[in-house]
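Here is the structure we will look at.
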Amino acid sequence: MVVRRPPGRRAQILAVAADRFHRSGYHQVSMTEVAAGVGITAPALYRHFRGKPELLDRAVRLGLDALAEGLRAAGSTTELGAALAAVAVAHRPLGTLVQRDARLLPPARRAALRRELRADVALMAAVLRAERPELSAPDAELLCWSALSGCAGLSYQSVAPQPRRAEALLRELVAAVLAVPLDDTAPGPSLPTGEAPRPRPQARREELLAAAVRLFHQRGFDNVSTDQLGAAVGISGPSVYRHFDSKAQLLAASLVRSRERLWHEVDGAISTAAGPAEALAAGLGAYVDFALRNGDYLGAMLSETERLAPPDRRAAVDFRRDFLRTWVGLLRQVRPEYDAVTARIRVHALFSLVNDGVRNRPYSARPDLGDCLRRIGRAVLGVDA
């Protein structure tokens, strides 16, 4: 007797896997959990996919294929916005999978993914420059990357918004981003990259926190050893345990320090402003400045939170929720016509494009990147310059 597999089984598996990875993080999801979500056994799942790496790879590729198909059919910036919005809504986990989990893929697949995204952006930039010939190629590509990243922010909504409404708003955001003028941006001031030296042993602990957040962001928690952490600050691997009981404790402490710095800088700027509009502008400036100096912190906060122990993970999630609530409330004071859903989508888009922008080479090396991101950020939030 031949047992026939239901039509679309692979697509069903990929949809469930993408949703699980998106919600819980790649490391927290087992093949058994994916199989249960589909209603099959784990051995049956392995007949379709060899393991989690292939599942992640195929889930990302499914979304990127849909994106490339939509962009190839776009002949105007309006159609680009429609394509980006449609993929962001139909493949909502894609932004999280690309920004957070794709770095866990094998190097060859990561490189291929990056090439595909560059090709997509080049295609978008060609359409944009046909409508805005005054743009240089780098400026057009920066705007296109920002539009792509802003749409990816929809992945971070805790509750999926109504699809048609989300698509309409994302189309509006893309149009606003692609219309931003960048011809007179100004280089930003030189920003400090570190803190003043402190007396030991506190200085060694601070050095370890900074090295840990950088290495965890670049390589992933599981791919960083205590020997590598020690070598980064000039000590042996076992000496790390003089400062932290475990690698997990070091991760937790480094993310706590990241949150403290972020909150101190952004809240300080907001709380001293004269009114809501000034506070929003000051907060945007502070967030961009922090991101320019602390790209590794933002990357690790995004990618490694799921590796924390439950109490630490809850604290990190609570911080994100409170931070988002602050921005949503402030934006709604400035634009009272926005409801909570609209404001959340806009704020998530802002965070996503800034976090990507400061880590997206070669654009992250632009001397005027801070000014560019502030302009694009205002466009996404829908506030006047």
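Where does the chain land on Rg(C-alpha)/(2.2 N^0.38 Å)?
1.02
May I ask you to evaluate 6.51 cos²θ - 1.76 cosθ + 1.60, the Karplus curve with θ = phi - 60°, for each residue of region 297-313 and list the ³J(HN,Hα) values in order in whole Hz, giving x for glycine and proline?
So the J values, rounded to whole Hz, are 4, 5, x, 5, 4, 6, 8, 10, 4, 5, 8, 6, 5, x, x, 5, 5.
Could you check which residue among Gly153, Gly285, Gly234 shows the biggest mean-square fluctuation in a GNM of the chain with a 10 Å Cα cutoff?
Gly234
Please give the calculated 222 nm ellipticity per residue for the chain, where each DSSP H segment of at least 4 residues contributes -39500 (n - 2.57) and the sum is spread over every residue; nearest 500 deg cm²/dmol?
Taken over the chain, the calculation gives -22000 deg cm²/dmol.
Where does each of 203-210, 29-36 land if you order them by average Cβ count within 10 Å, highest first? Intermediate results must be reported in sequence, preceding the final value.
Values: 203-210: 19.0, 29-36: 16.6.
Packing order, densest peptide first, comes out as 203-210, 29-36.
In whole Hz and in residue order, list the ³J(HN,Hα) couplings for region 170-182 that follow from phi through the Karplus curve 6.51 cos²θ - 1.76 cosθ + 1.60, θ = phi - 60°; x for Gly and Pro.
These are the phi-based 3J(HN,Hα) values: 5, 4, 5, 5, 4, 4, 5, 5, 5, 9, 5, x, 10 Hz.
In nm, give the distance between the simple-model label positions of Glu54 and Thr41, each being 7 Å from the Cα along the Cα-to-Cβ direction.
1.9 nm
When the accessible area of the chain is computed with all protein chains present and a 1.4 Å probe, what percentage of it is carbon and sulfur?
With neighbouring chains kept in place, the figure for the chain is 54 percent.
Assigning unit charges at the beta carbon (Lys, Arg +1; Asp, Glu -1) and nothing else, what dipole magnitude in debye, to the nearest 20, does region 268-337 show about its Cα centre?
For this selection, approximately 180 debye.
Which number do you get for Rg(Cα) / (2.2 N^0.38 Å) in region 61-171?
Scaled against compact globular proteins, the figure is 1.05.
Go through region 62-67 residue by residue and turn each phi into a ³J(HN,Hα) via Karplus (6.51, -1.76, 1.60, θ = phi - 60°); whole Hz please, and just put x for glycine and proline.
Coupling constants for region 62-67: 4, x, 5, 5, 5, 5 Hz.
As I understand it, the dipole of region 80-140 uses +1 on the Cβ of Lys and Arg and -1 on the Cβ of Asp and Glu, about the Cα centre. Which of Leu80, Val98, Pro138 lies farthest toward its positive end?
Val98
Can you give me the solvent accessible area of His243 with a 1.4 Å probe, rounded to the nearest 10 Å²?
50 Å²
Under the 0.36 nm per residue contour assumption, what length would be gained going from the current alpha-carbon distance of Arg110 and Ala274 to full extension?
Difference between extended and current length: 54.5 nm.
Quick one: net charge around Glu134, please, counting Lys, Arg +1 and Asp, Glu -1 for every other residue with C-beta under 15 Å from its C-beta.
Computed value for this residue: -3.
Can you tell me the order of 140-148, 109-117, 366-374, 51-59 when each peptide is scored by its average per-residue count of other Cβ atoms within 10 angstrom, highest first?
Ranked by mean Cβ neighbours within 10 Å, highest first: 140-148, 366-374, 51-59, 109-117.
Net charge near Ser246, counting Lys/Arg +1 and Asp/Glu -1 over other residues with Cβ under 15 Å of its Cβ?
Net charge in that neighbourhood comes out at -1.
Out of Tyr363, Tyr297, Tyr26, any idea which swings most in a Gaussian network model of the chain, alpha carbons joined below 10 Å?
For the chain, modelled as a Gaussian network with Cα springs under 10 Å, the answer is Tyr363.
Stretched out fully, how many nm does the piece from Ala179 to Arg314 gain, at 0.36 nm a residue minus the Cα gap?
Length gained, Ala179 through Arg314: 44.7 nm.
Working out 0.36 nm times the residue gap between Ala130 and Gln228, then minus their Cα-Cα distance, what length gain in nm do you get to one decimal?
Result: 30.4 nm gained on full extension.
Dipole size in debye (nearest 20) for region 1-83 around its Cα centre, Lys and Arg Cβ +1, Asp and Glu Cβ -1?
Working: 12 positive and 7 negative charges, 86 e Å.
The dipole magnitude comes to about 420 debye.
Rounded to the nearest 0.05, what FRET efficiency is calculated for Asp19 and Glu337 with R0 set to 30 Å and r the Cβ-Cβ distance? Present the calculation step by step, with values, prior to reporting the outcome.
Working: r = 33 Å, r/R0 = 1.09.
It comes to 0.35.
If you roll a 1.4 Å probe over the heavy atoms of the protein chains, what accessible area per residue do you get for region 97-247, in Å²?
Using a 1.4 Å probe on heavy atoms only, each residue of region 97-247 averages 50 Å².
The values are calculated or read from the model by the stated rules, or taken from the named source; none is laboratory data. Treat the numbers as computed from the prediction; the structure is a model and nothing was measured. Note that we place each Cβ from the backbone using ideal geometry, even for glycine, and neighbour counts take in every protein chain shown. These area figures cover heavy atoms from the full protein model, side chains too; ligands, DNA and RNA do not enter into them. Shrake-Rupley method; radii C 1.70, N 1.55, O 1.52, S 1.80 Å.
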